[in-house]
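Participant: The following block contains the structure, expressed as structure tokens.
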Amino acid sequence: MSTLDKSHQEAVETVRELIKGIDTAMFTTISEEGLVFRPMKTQEVEFDGDLWFMTKKDTSKFGEIIHDPRVNVVYADKSYVSIRGTAKIVEDLEKKKEFWSAGYNTFLKTTYNDPDVILIQVHAEAAEYWKSGNLAEMATYMFKRITHQDTEKSDLNKTIELE
């Protein structure tokens, strides 16, 4: 495995660990009026560089992604992760069946084989994260930021490239 492949794999594993167990993300698209944010449930699949979401064609996000596929996805829980990427509409019946759960019957008021049901695949390009688990570490980091000290060596806030 080359150094580039290894660093990519480490970046993917870092993001995977940071977002693991967080079901809902804030999904941001670009409309003609500007940025649009909405909560969306992430599909329960291990992060490998792509995120998956399910929706219907008759939503504003469908048209926004067709018009401009640049998106941002934010997770907040034990840490805060902002993932920048490119979205693509996927109409794969087997993949929809794989991701489908009983909750979607009620939420989307249809079944997985409805042609109006689509998947959104987000290919992650970069992620910025802030760890929040260790209060002492966070306090030290914030003190250094406020007093204009070097925080580059801190692991609390980092941007990692995923491509």
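Participant: Restricting attention to the range 45-59, does a residue exist that is in contact (Cβ under 8 Å) with a residue 12 or more places away in the chain, of a type in the set (S, T, N, Q) and open to solvent by 20 Å² or more (accessible area, probe 1.4 Å)?
Facilitator: Checked against the condition, which is being in contact (Cβ under 8 Å) with a residue 12 or more places away in the chain, of a type in the set (S, T, N, Q) and open to solvent by 20 Å² or more (accessible area, probe 1.4 Å), the range 45-59 yields no hits at all.
Participant: Here are the criteria: (1) touching a strand residue (DSSP E or B) at 6+ places or on another chain (Cβ under 9 Å); (2) open to solvent by less than 80 Å² (accessible area, probe 1.4 Å); (3) not hydroxyl-bearing (Ser, Thr, Tyr). Tell me which single one residue 66 does not satisfy.
Facilitator: It fails just one condition, (2).
Participant: Taking the range 121-136 only, how many residues are aliphatic (A, V, I, L, M) and open to solvent by 40 Å² or more (accessible area, probe 1.4 Å)? Working first, answer last.
Facilitator: Just the residues of the range 121-136 that are aliphatic (A, V, I, L, M), to begin with: 122, 124, 126-127, 135-136.
Still in the running and open to solvent by 40 Å² or more (accessible area, probe 1.4 Å): 135-136.
Adding up the residues that qualify gives 2.
Participant: Filter the range 92-104 down to residues that are out of contact with any strand residue (DSSP E or B) (no Cβ under 9 Å at 6 or more places or on another chain) and not aliphatic (A, V, I, L, M) and give me whichever is surrounded by the fewest Cβ atoms within 10 Å (Cβ to Cβ). First the steps, then the outcome.
Facilitator: Kept after step one, since they are out of contact with any strand residue (DSSP E or B) (no Cβ under 9 Å at 6 or more places or on another chain), are these residues of the range 92-104: 93-94, 97-98, 101-102.
With not aliphatic (A, V, I, L, M) added as a condition, the list becomes 94, 97-98, 101.
On the way: 94: 8, 97: 11, 98: 13, 101: 12.
Of everything passing the filter in the range 92-104, 94 is surrounded by the fewest Cβ atoms within 10 Å (Cβ to Cβ).
Participant: Looking at the range 105-133, which of its residues are among the basic types (Lys, Arg) and either closer than 30 Å to residue 79 by Cα or at pLDDT 95 or above (or both)?
Facilitator: Selection gives 131 alone.
Participant: Would a scan of the range 144-154 turn up a residue that is open to solvent by 40 Å² or more (accessible area, probe 1.4 Å), at pLDDT 85 or above and assigned to a loop (DSSP other than H, G, I, E, B)?
Facilitator: Residues of the range 144-154 open to solvent by 40 Å² or more (accessible area, probe 1.4 Å): 144-150, 152-153.
In the following step, the residues that additionally are at pLDDT 85 or above were identified as none.
No.
Participant: Further question on the same structure: Output the residues belonging to the range 105-120 that are surrounded by fewer than 18 Cβ atoms within 10 Å (Cβ to Cβ) and touching a strand residue (DSSP E or B) at 6+ places or on another chain (Cβ under 7 Å). It would help to see each step written out before you state the result.
Facilitator: In the first step, residues of the range 105-120 are kept if they are surrounded by fewer than 18 Cβ atoms within 10 Å (Cβ to Cβ); the result is 105-111, 113-116.
Within the range 105-120, 108, 110, 116 meet the criteria.
Participant: Within the range 26-33, identify whether any single residue is within 17 Å of residue 124 (Cα to Cα), in contact with a Ser or Thr (Cβ under 8 Å, 6 or more places away or on another chain) and loosely packed, with under 14 Cβ neighbours inside 10 Å, and answer yes or no.
Facilitator: Within the range 26-33, not a single residue is within 17 Å of residue 124 (Cα to Cα), in contact with a Ser or Thr (Cβ under 8 Å, 6 or more places away or on another chain) and loosely packed, with under 14 Cβ neighbours inside 10 Å.
The values are calculated or read from the model by the stated rules, or taken from the named source; none is laboratory data. A quick note: this is a predicted structure, and the numbers were derived from the prediction, not measured. We place every Cβ from the backbone using ideal geometry, glycine too, and count neighbours over all the protein chains shown. These accessible areas exclude ligands, DNA and RNA; they are computed on the full protein's heavy atoms, side chains included. Shrake-Rupley method; radii C 1.70, N 1.55, O 1.52, S 1.80 Å.
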